[in-house]
Amino acid sequence: MSEEKVELKEALKQMRDTSPVAELREKHNIELEDKKYNDTWQSCCFEVDRRAIRFFSQLFISILIMVFCIVQLVRNKTCESQQLYSGILTTIIGIMLPSPSLH
């Protein structure tokens with residue numbers, strides 16, 4: 001009796017998998033995944049990865065601010081005028097460095 005149940009379950013599974021509804025559902029799921037993980041920006045001339053553009057933009061702005069703060073620290077001689085720039089520089093370095101962890 002149990003062999004008949006197993007065969008019946010397999011037959012039902014095959015019927016479900018080969019039905020047009022199952023194929024359409026699978027196709028729809030694939031299209032949704034493609035839309036969800038689409039990480040490209042397209043222009044008239046080229047196609048770029050959105051994550052790379054964001055990373056390099058953030059890196060460029062951070063380096064620009066760090067250079068500005070270092071120049072201001074070198075130019076200003078009083079501690080009162082250096083406090084702001086040293087705080088900004090320390091914050092950016094703290095954000096860029098990964099947190100230490102024990103493995």
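A few comments on the model shown:
- Pair list, Cβ < 9 Å and 6+ apart or interchain, from the stretch 51-71 residues that are of a type in the set (F, W, Y) to residues that are at pLDDT below 95: F68/Y85; F68/I88
- In the stretch 41-77, residue modelled with the highest pLDDT [restricted to those that are under 30 Å from I93 (Cα atoms) and assigned to a loop (DSSP other than H, G, I, E, B)]: N76
- Residue within the stretch 29-40 that is charged (D, E, K, R), touching a helix residue (DSSP H, G or I) at 6+ places or on another chain (Cβ under 9 Å) and assigned to a loop (DSSP other than H, G, I, E, B) present: yes
The values are calculated or read from the model by the stated rules, or taken from the named source; none is laboratory data. None of the values given here were measured: they were computed from a predicted structure. Here the Cβ is made from the backbone with ideal geometry for all residues, glycine too, and neighbour counts use every protein chain on show.
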